[in-house]
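The values are calculated or read from the model by the stated rules, or taken from the named source; none is laboratory data. Treat the numbers as computed from the prediction; the structure is a model and nothing was measured. Cβ: placed from backbone, ideal geometry, glycine included. Neighbour counts: every protein chain shown.
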């Protein structure tokens, strides 16, 4: 049976007019939407929507404001950070020295002491006048970070107009470039993105990174965002990233307690003679003499690094290291001895280590490290698994340059070139 074709119903005049009006309306709606979006994009390029309500902190081109436990505090041009934020951003070992009501902080080659009354700071044993001291505000301790640039090796700037404080470490790489045209700086690489700042042709900006045709920059207002890579020129290094040179590259072959009259040692690049010990009063005693002097000359002629052993002769650590003043007294004696005899570092070999020793010993290492780093020396710590409760392993890993262990002992979490089997 043959199927009949359905005839298409012919539109009436009214239906055609309605359809025409609908198409026109849709077209004009689309045009209006395009115009509105275009105007919004243009306006977005010129209206900065990222205005700070409170002071933002940018450290090494990263805005860490959301990570702060307390707001940045500025008073009479002094910039303060809470002790808790100093601990997070700069010094994990900053602590209150209750006996003298002061704060002790260490960073790389510096140990600093600052109090709550006098406008002065002590850095590596030398006092210096500053314009502020530590303060307490609403039971929160604050340090005058703008007065501690030499401690943390930083440069700091307060950009009042945009409420931004920038901090840059002077041992980190920094690149700058010139902007080639007037531009909006966006918060992302997306086509539609919020404007965080504007830069003008000829402005100098810090280049954080460049990829995918975009440059992440920091403007003179301290704002971080993106512009096209093609819009920057004359990029140059302000400073290079400074790497700390190691005394010994690669694996250390240390001879522990060698004989003074021992001749050339094969495959050895460091020696740890028994030259130093701590007496019952916490003083450093030298056991060197004429033979020791000759040994030092011999070792240097063999290009061996000399890391003399410092032992406690089973003297209680709790007695000789239980205050900041006692530790500093001993540290000064160690530094003096190292300079006097041209040592390359020290090997700490404390015995009778117990749980009650842990905190005092850790503080000793933390406070000794910057003083030795300042003069290019290293710390090696002899570790005994049988006395592990007397050691804070995280401090050993972060502060000691080398760990000396017996062959049957195993340490996890340490760089293989930092572990020495003796």
Q) Within segment 123-135, how many residues turn out to be within 21 Å of the chain's Cα centre (by Cα) and in a strand (DSSP E or B)? A) 1
Q) So residue 233 clears everything in (1) outside the structural domain of residue 182 (by TED's automatic domain parsing); (2) in contact (Cβ under 8 Å) with a residue 40 or more places away in the chain except one condition, right? Which one? A) (1)
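Based on this model, can you work out whether residue 188 counts as over 30 Å from residue 336 (Cβ atoms), outside the structural domain of residue 102 (by TED's automatic domain parsing), part of a loop (DSSP other than H, G, I, E, B) and in contact with a strand residue (DSSP E or B) (Cβ under 7 Å, 6 or more places away or on another chain)?
yes
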Q: Give the number of residues within segment 57-81 that are outside any loop (DSSP other than H, G, I, E, B), at pLDDT 95 or above and either on the phi > 0 side of the Ramachandran plot or in contact with a strand residue (DSSP E or B) (Cβ under 7 Å, 6 or more places away or on another chain) (or both).
A: 10
(Q) Looking only at residues that are assigned to a strand (DSSP E or B) and farther than 25 Å from residue 160 by Cα in segment 201-216, which one is farthest from the chain's Cα centre (by Cα)? (A) 214
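Which one is farthest from residue 374 (Cα to Cα), of the residues in segment 125-139 that are loosely packed, with under 15 Cβ neighbours inside 10 Å and touching a strand residue (DSSP E or B) at 6+ places or on another chain (Cβ under 9 Å)?
137
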(Q) Here is a check on your reading of the model: is residue 84 touching a helix residue (DSSP H, G or I) at 6+ places or on another chain (Cβ under 9 Å) and part of a helix (DSSP H, G or I)? (A) no
**Q.** Filter result (farther than 19 Å from residue 162 by Cα and part of a strand (DSSP E or B)) within segment 217-239
**A.** 227, 228, 232, 233, 234, 235, 236, 237, 238, 239
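Conditions tested, residue by residue: (1) farther than 30 Å from residue 308 by Cβ; (2) in contact with a strand residue (DSSP E or B) (Cβ under 6 Å, 6 or more places away or on another chain).
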residue	(1), (2)
225	yes, yes
230	yes, no
241	yes, no
246	no, no
249	no, no
Q: Quick one: which residue in 366, 375 is crowded, with 21+ Cβ neighbours inside 10 Å and over 17 Å from residue 278 (Cβ atoms)?
A: 366
(Q) Consider segment 338-361. How many of its residues are modelled with pLDDT of 95 or more, buried (at least 17 other Cβ atoms within 10 Å of the Cβ) and out of contact with any strand residue (DSSP E or B) (no Cβ under 6 Å at 6 or more places or on another chain)? (A) 1
Q. Of the residues in segment 241-265, how many are within 21 Å of residue 419 (Cα to Cα), at pLDDT 75 or above and part of a loop (DSSP other than H, G, I, E, B)?
A. 13
